[in-house]
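Below you'll find the structure, written out as structure tokens, and then a few comments.
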Amino acid sequence: MKNLSAPGAPFQYAWHVPNLEDAAKYWSEQLGIGPFFLSEVDSSQYDGFKYRGGEGILRMRLAWAQSKEGQIELIEVNSKEPNVYHDLVAPEKTAFHHIGIWSDDYHADKTFLSSNYEIAMDMGKDTNICYFDTAAASGNMIELIERNDGIVGLFSLITKAADEWDGTRPLRTMAELPS
């Protein structure tokens, strides 16, 4: 039986939220998780971006923070076009959306997963990140993320920030990541 290249526990847990600032405040004040680092995504910047196999438009803000148990991702969609987030969660609702899993052999893992699940979103040719619609089996989607030095380095800086966090300013820009 074929397995994923990096089997085991997921490392990222993602929620769709209607308001990123409110969500970051909740996670930091109520759960002690932070700081969150804000990034903006516009699908027009990705060569080959696909939504359910066709053209798609997606504009969103997302923020990452590390907790001791895994990474928390908050996603606020700003575009009105159909997208993977609103396929599962109504725009005005806060709800769990996906788990993120590492891939050490992205193309093989993508082929393996696509034999059982539809590729709901593919970020494009130069970004080895895609979503699989596993909602019928698990109630959420799976995000497959190629483990490479760039993304591991970024997430390591977010972990460092969480380890050093004093509880202030729960939402920050990517430029404020420690080096």
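All of the numbers you see were taken from the coordinates with simple rules; none came from a lab. Small disclaimer: the values here were computed from a predicted structure and weren't measured. Cβ placement follows ideal geometry from the backbone for every residue including glycine, while neighbour counts extend to all protein chains displayed.
Summary of values
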{"quantity": "DSSP loop trypsin sites (Lys or Arg not before Pro) with at most 13 other Cβ within 10 Å: longest gap in the chain", "calculated": "3-67"}
{"quantity": "In the chain, lysine pairs with alpha-carbon atoms under 15 angstrom apart (chain gap of 8 or more, or interchain)", "calculated": "6"}
{"quantity": "Within the range 21-95, GluC sites (Glu not before Pro) in DSSP loop having at most 16 other beta-carbon neighbours inside 10 Å", "calculated": "GLU55, GLU69, GLU92"}
{"quantity": "Residue-averaged 222 nm ellipticity for the chain, from DSSP H runs of 4+ at -39500 (n - 2.57), nearest 500", "calculated": "-7500 deg cm²/dmol"}
{"quantity": "The chain: angle of helix 149-164 to the longest principal axis, Cα-based, in degrees nearest 10", "calculated": "30"}
{"quantity": "Antiparallel bridge percentage (DSSP; both residues within the range 12-171; nearest 5)", "calculated": "70"}
